[in-house]
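The values are calculated or read from the model by the stated rules, or taken from the named source; none is laboratory data. The structure presented is a predicted model; accordingly, all values stated were derived computationally and were not measured. Every residue, glycine as well, gets a Cβ built from its backbone with ideal geometry; the counts of neighbours run over all protein chains shown. Side chains included, ligands, DNA and RNA excluded: accessible areas come from the protein's heavy atoms. Shrake-Rupley method; radii C 1.70, N 1.55, O 1.52, S 1.80 Å.
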Amino acid sequence: MDVLDVARWQFGITTVYHFLMVPLTIGLSLVVACMQTAWWRTGNRKYLAMTKFWGKLMLINFAMGVVTGIVQEFQFGMSWSEYSRFVGDVFGGPLAIEGLVAFFVESTFLGLWIFGWERLAKPVHLACIWAASLASTASAYFILSANSWMQHPVGIVFENGKPRLTSIWAVLTNNTALAAFPHTMAGSFAVAGAFLLGIAAWKLHKRADDDREVWFTSLRWGGWISVAAFAAVAITGDVQSKLMFQQQPMKMASAEALCHTEQPASFSVFAVGDVSRPDCENVKSITVPALLSFLANSDFDSKIKGVGELTTEYRAKYGTNYPVDPKLGELSGKPIDYTPLLPVTYWGFRFMIGFGVAAAGAAVLALWMTRRKRFPANPWYARLALLGIAAPFLANSTGWIFTEMGRQPFVVVPNPTGVDGVFMFTARAVSGGVSAAEMLTSLILLTLVYGGLAVVEVYLISRYVRGGIAGVMPAQKESTKDADVLAFAY
Amino acid sequence: MDLPVVWFCLIAFLWLGYLFLEGFDFGVGMLVGLLARDNDERRVLINTIGPVWDGNEVWMIVAVGATFAAFPNWYASLLSGSYLYVLAILLALIVRGVAFEYRGKVDSLRWRRWWDRAIAVGSWVPPFAWGVVLTATVTGLPLDRRGDLVGGPLELIRWDTLLGGVALVGFSLVHGAVFVALKSAGDIQRRARQFAATIIPVALAPVLGLVWVLASRSGRGVVFALAGMVIVAAALAMQRLWTGRPATAFALLGAVIAGTVAVMFGGAYPNVLPSTLDSAYSLTVWNAAASSYPLQVITWVAAFGAPAVLIYQGWTYWVFRKRIGTQHLPPVHVP
């Protein structure tokens, strides 16, 4: 493997891993803020117990999201220094703003929330969790606008071989970002909903009778959040894919593994065999006629360009061969392959949708089966609910893998209606001064540490789940002389 | 004033904030293994920084993010050029952050021991590696015409960069001990003060050495004046500590690190990362900077954002101003 391959694997592994923690943090912290608000408004101890329990799980996960996030900010410079130089005028801004506006608020107010129980006035303490969770939402917005600029560069002119920023407003209101943000937020709530639903169902199955109210309410919250999140995911996803057909036609043709232009274009539900064959039609099973045309343009007869036709167009626009440059290694002077890895994009797209639908279906079923405070006796119900937690996580991961692999071979995708010349091939983005051995060292070490910490996180979460409400509610103070004892300490 | 110069100063200020605030966090982490005698004392130490360490770490994240935004070429060359060192920092910070959060979540000796090791690694490695990397950025690396490192990772191992690493470790250790003396109560407080008073000459010697080396390399009067200020502040801090005044000593240590950062960056100016191969390849405040429009944007954001950060972080320290002793710790209550 050369430097480029290792750097790509590293970015993929660290980013997918980071994005296991992020949606749970974003979704769950906002849900916990709502729980604490409910406690503050009603004084009902049930909501306090929910805040404490789900808040504890949120914090266990939060720590991992924070520490793996630092790697993200650094690795553009470490592994992708050519990329950083090329996009520096645009890309660093949202990152710096994210740190200054979002991370400071998030980390400071989360510290205040963790340690501020009984020390801060109740409304102030409640405001702290809102500040921290809204700041993590804001950070998602800034990073998504940076990512969206890579998918669809706007707000720039092209000077001296580099994009020069002319409007930060255009970058922050990039229609790609405005579509990606609600889609990602809905995906985060889907994760939080399934998490609540699965764990609460498991606790009810285990007959945690003392706190039945707590688990039941959590389960219902989880169910409704999942259903609402799925509706939002579907609507925003539809908006996003229509946009993507215009902005990155190759990505969407690859999502379907559409080898030849079709009019009207059909949508395949699944395929048996290698979808990257030149006669891809023959491996696809259960195709829905004209559905792809509908997904792209809301009609049933429009033409959708296939990978072959698009490749010809891309070659004419963006060149047929990589430049001759020793830094490009094996790719130097070679023809550019404009087709993403079709099995990855095709299946990534289908798994994303499939896992999302599965999670939503499970939530609807759960809400139906627990109506009027009933809970099914069959143990498989709780087992499936617990297993179902994985579905929205997998949908998020496969969705990101699809969208990031779908823009290859570009790291900065050309904007078809934007400024000429602003695009970058991934092969040109990698650091020049870093050897494959160094890159491999970091890939191995990060993967090992991340793997070990994943085990620890899952272990801790399951321990706290088993401990239930009793494990997170503060012990009663023994006497008044203990008044100085902290409400919480590490 | 020109915006690249403003941002050069702001980035130096962010590093100062980071080294001052995380300096004592790192020191406290080092003392968990050095000074505490039992689990209660270790918990006292960790809880002196419990609510604030994460916010302190953000100073580094913003320093690096601001470097990306304001000086993309500096960001790209420095982080790729010091790849393995930055990797060490990242790994150490990962295990440290998780350790603070997870250590108290299971009541088992073995569990805590593992996290104590993680806290030790996470508190000794980053100040040392940052010392190496920051000294390298102000004194230079063998960069080619593209700004890429030539010669591999061992190019960063030089006596001056190692001195920089030891200097930040020494500073953090004594700074953390003084912080514990101010924030804890009981026996651990007394021992922290004694420890600080004992090690301060050894701990600050490499800082003074680094400052002197960098000042004499730059040869500028103003940098020498700053170096002189560092030496005076260090001497006063020592004297205050020996006469039992840790609060003023703490403030004076702040002056030491402020002066040190000023000597480092001020001595390098207008370079941000000189090339030791050819000065034509050196990255400067001018050729590494982003264009003026994005600099204006982040200046506006910083103009409103930075004072707000200072206010609410200051408020956090006020909320958690009380000293912590073993008698204040709640009993371990975990599932």
Taking all protein chains in place and a 1.4 Å probe, what share, in percent, of the accessible surface of chain A do carbon and sulfur account for?
66
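Pull out a ≥ b ≥ c, the square roots of the eigenvalues of the alpha-carbon gyration tensor of the range A:249-339, then state rounded if a/c is under 1.5, prolate if not and a/b is larger than b/c, and oblate in the remaining case. Write down the numbers at each step before the final one.
Values: a/c = 3.43, a/b = 1.96, b/c = 1.75.
Note, shape of the range A:249-339 comes out prolate.
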Total accessible surface hidden between A and B, rounded to 100 Å², 1.4 Å probe
7000
Sorted by chain and then number, the residues having a modelled amide H within less than 5 Å of the amide H of B:PHE71, at least 5 places away or on another chain, are B:ALA290
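So what is the relative contact order of the range A:249-339, in percent, for Cα pairs below 8 Å that sit 6 or more residues apart? Intermediate results must be reported in sequence, preceding the final value.
Values: 146 pairs, mean separation 26.9, N = 91.
It rounds to 30 percent for the range A:249-339.
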Given a cut-off of 22 Å, name the pairs among A:LYS303/A:LYS334; A:LYS162/A:LYS327; A:LYS46/A:LYS373; A:LYS46/A:LYS206; A:LYS56/A:LYS206; A:LYS251/A:LYS284 whose C-alpha atoms lie farther apart than that in the structure shown.
A:LYS303/A:LYS334
Karplus 3J(HN,Hα) series, Hz, for the range B:237-249 with 6.51 cos²θ - 1.76 cosθ + 1.60 (x for Gly, Pro):
4, 4, 5, 4, 5, 6, 9, x, 10, x, 5, 5, 4
Would you please give the residues with an amide H less than 5 Å from that of B:ILE324, counting only those at least 5 places away or on a separate chain, with H modeled from the backbone geometry?
B:SER184, B:ALA185
Per residue, how much accessible area does the range A:249-339 show when a 1.4 Å probe rolls over the protein heavy atoms, in square angstrom?
50
Just to confirm my understanding: which cysteines in the protein assembly as shown have no other cysteine beta carbon less than 4.7 Å from their beta carbon?
A:CYS34, A:CYS128, B:CYS9
Per residue convex hull volume, Cα atoms of chain A, in Å³
164
Within the set B:ALA303, B:ALA192, B:ALA129, GNM on chain B using Cα springs under 10 Å gives the largest fluctuation to B:ALA303
Under the Karplus relation with 6.51, -1.76 and 1.60 and θ = phi - 60°, whole-Hz ³J(HN,Hα) for the range B:278-289, x at Gly and Pro, equal 7, 5, 5, 8, 4, 8, 10, 3, 8, 8, 9, 7
Report, in debye and to the nearest 20, how large the dipole of the range B:201-323 comes out about its Cα centre when Lys and Arg carry +1 and Asp and Glu carry -1 on their Cβ.
580
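Evaluate peptide A:252-262: per residue, the Cβ atoms of other protein chains within 10 Å of its Cβ; return the mean as an integer. Walk me through the intermediate numbers first.
Working: counts 0, 0, 0, 0, 0, 0, 0, 0, 0, 0, 0.
Neighbouring Cβ atoms belonging to other protein chains average 0 per residue here.
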Any residue on another chain or 5+ positions along whose placed amide H is under 5 Å from the amide H of A:LYS162 is listed here as none
Chain A: relative contact order in percent, alpha carbon pairs under 8 Å with at least 6 residues between
21
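For chain B, what does -39500 (n - 2.57) per DSSP helix run (n ≥ 4), summed and divided by total residues, give at 222 nm, in deg cm²/dmol to the nearest 500?
-26500 deg cm²/dmol
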Using a Gaussian network model of chain B with C-alpha springs under 10 Å, which one of B:SER282, B:SER108, B:SER292 is most mobile by mean-square fluctuation?
B:SER108
Using alpha carbon centers only, the range A:306-380 is separated from the range B:279-302 by a whole-angstrom value of 37
Just report the Cα centroid separation between the range B:307-335 and the range A:2-57, whole Å.
23
When the solvent-accessible surface of protein heavy atoms is calculated with a 1.4 angstrom probe, in what order do B:ASP148, B:ASP38, A:ASP484 fall, highest first?
A:ASP484, B:ASP38, B:ASP148
Once phi for every residue in the range A:247-254 is put through the Karplus expression 6.51 cos²θ - 1.76 cosθ + 1.60 (θ = phi - 60°), the whole-Hz ³J(HN,Hα) values, with Gly and Pro written as x, are 7, 9, x, 5, 4, 6, 4, 6
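For the range B:6-75, with only Lys/Arg (+1) and Asp/Glu (-1) charged at the beta-carbon, what is the dipole magnitude about the Cα centre, in debye rounded to 20? Intermediate values should be presented prior to the final figure.
Values: 3 positive and 7 negative charges, 21 e Å.
Here the range B:6-75 has a charge dipole of around 100 debye.
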